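Let me begin by presenting the structure, written as structure tokens, before commenting on it.
Derivation of every value follows stated rules applied to the coordinates shown; laboratory data play no part. Computed from a predicted structure; not experimentally measured. All Cβ positions, glycine included, derive from the backbone under ideal geometry; neighbour counts span all protein chains shown.
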Amino acid sequence: MVGEFRALNTYIVPDRYPIPNIQISLTQISQEVYISTMDALKGFHQNVVTPRARKYFGIIVHCGVCEYLRIPFGIKNAPSHFQKMMIEIFPEELLEGWLLICIDDIIIYSKTLEENIDRLSRVLGKIQSVNMKPSFKKCHFGFKELKELGHVVSGLSLGIDRNKVAALLMKPMPQKKFSQFWDFQDITDSKMKIWHP
């Protein structure tokens, strides 16, 4: 089932809970040797909709109206709400500096394989304690190099996943100078914010 929530989203007060900057966060990981990643199975569906709010998530079906019991995809605040929930589950691990969470992606990094296994065990224990389910098809444990969040990360470097930029590389070059500037303005603007806040 698919819900249409654009009208509802206009009434939702935006939740400005911060999502980490991927480029900066992955730079931390590039200093480590072993990396494990997990993905929460159907991300937002792991969050329960409060009984009071369920009436706003109704969808019409052939036999009446059904209400979502879990947060559906397409709700404006779902990413920030999920990020906040994940941060609340792993506060100690985040403070210790070996865990990165970006919405439904969990990344564990360490200098040694033994350390990675211990940390992975800790994270899996917490996931189990809150009844969260990982997508084991998207999990990778104890690797020295991984593709994660559109980047290739290893203990030596951080690079862009070539598969993610293939379409851009195949795009013909603009013929006019202004078009070249306009096409790449967003890229340079975002880099300037990182380099010169």
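By its C-alpha gyration tensor, with a ≥ b ≥ c as the square roots of the eigenvalues, how is the stretch 32-137 shaped: rounded for a/c under 1.5, else prolate for a/b larger than b/c, else oblate?
Prolate, since a/c reaches 1.5 and a/b exceeds b/c.
Taking the simple approach of a point 7 Å from Cα along Cα-to-Cβ for both Phe73 and Leu94, what is their distance in nm? Here the modelled spin labels are 2.4 nm apart.
Protection proxy ranking of 73-84, 132-143, by the mean of other Cβ atoms within 10 Å over each peptide's residues and highest first, is 73-84, 132-143. Using R0 = 35 Å, the C-beta based FRET efficiency linking Lys133 and Tyr56 works out to 0.85.
In this calculation the C-beta distance from Ile22 to Cys63 is compared with R0 = 41 Å, giving a FRET efficiency of 0.45. Using the average count of surrounding beta-carbon atoms within 10 Å as a protection proxy, the listed peptides 37-43, 54-60, 66-72 rank, highest first, as 37-43, 66-72, 54-60. Distance between the 7 Å Cα→Cβ label points at Lys84 and Val13: 1.0 nm.
Among the lysines of the stretch 22-130, pairs that are 8 or more positions apart or on different chains and have alpha carbons within less than 25 Å of each other number 9.
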